[in-house]
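Here is the structure we will look at.
Derivation of every value follows stated rules applied to the coordinates shown; laboratory data play no part. Treat the numbers as computed from the prediction; the structure is a model and nothing was measured. Heads up, the Cβs are rebuilt from the backbone with ideal geometry, glycines too, and the neighbour counts pull from every protein chain shown.
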């Protein structure tokens, strides 16, 4: 019996130590989080998420895939933090545009989505144009994108760069706002 007693004590101490290190001091003291702390907490976390959004006519308009979506509900608005989001826009039954980035934030039930980190917007089917920028704001329901950052547009070997962009994805219209430089290769 004596040989087990030290082992039980060691296991109990290790368990107690882990519990103390994993528990915030507020919980140990019986304190409840403040309203401000409670408001900052995520309401929902979804891993490997895929959402589909339809037009008023019932046609698939766009879909969003993300490695992780962390949803926050605040008093006046909501926000969803997106990890590695991908958006696919449809026109009829065909895919027309695809976006990819490292992260993003969707506001007001997806009315506005801000993508950041190696953002690419590709026209489908490839080969089509590919836009690259560090940050872009997309209004998915309007199929409209804009940024005030530097943008590079590649169309095969041809490159156009500039600062600022407005893109009407529905009409396939892309406008670079300033400092436009282009390089074309003759085939």
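For the pair residue 48 and residue 170, what calculated FRET efficiency results from E = 1/(1 + (r/R0)^6), where r is the Cβ-Cβ distance and R0 = 22 Å, to the nearest 0.05?
Details: r = 29 Å, r/R0 = 1.31.
So, using R0 = 22 Å, E works out to roughly 0.15.
Kirkwood hydrodynamic radius for region 34-183: how many Å is it when counted over pairs of different Cα atoms?
Roughly 16.2 Å, rounded to one decimal.
Using only alpha carbons, region 96-187 has a radius of gyration to Kirkwood radius ratio (Rg to Rh) of 0.97.
Between residue 67 and residue 8, what is the FRET efficiency for a Förster distance of 45 Å, r being their Cβ-Cβ separation, to the nearest 0.05? Spell out each step's value before the answer.
Numbers: r = 43 Å, r/R0 = 0.95.
So the FRET efficiency works out to roughly 0.60.
Counted residue by residue at 0.36 nm each, then reduced by the alpha carbon distance between them, the extension gain from residue 57 to residue 152 reaches 30.7 nm. In this calculation the C-beta distance from residue 179 to residue 118 is compared with R0 = 22 Å, giving a FRET efficiency of 0.55. Label-to-label distance for residue 141 and residue 109 is 0.7 nm, based on points extended 7 Å past Cα in the beta-carbon direction.
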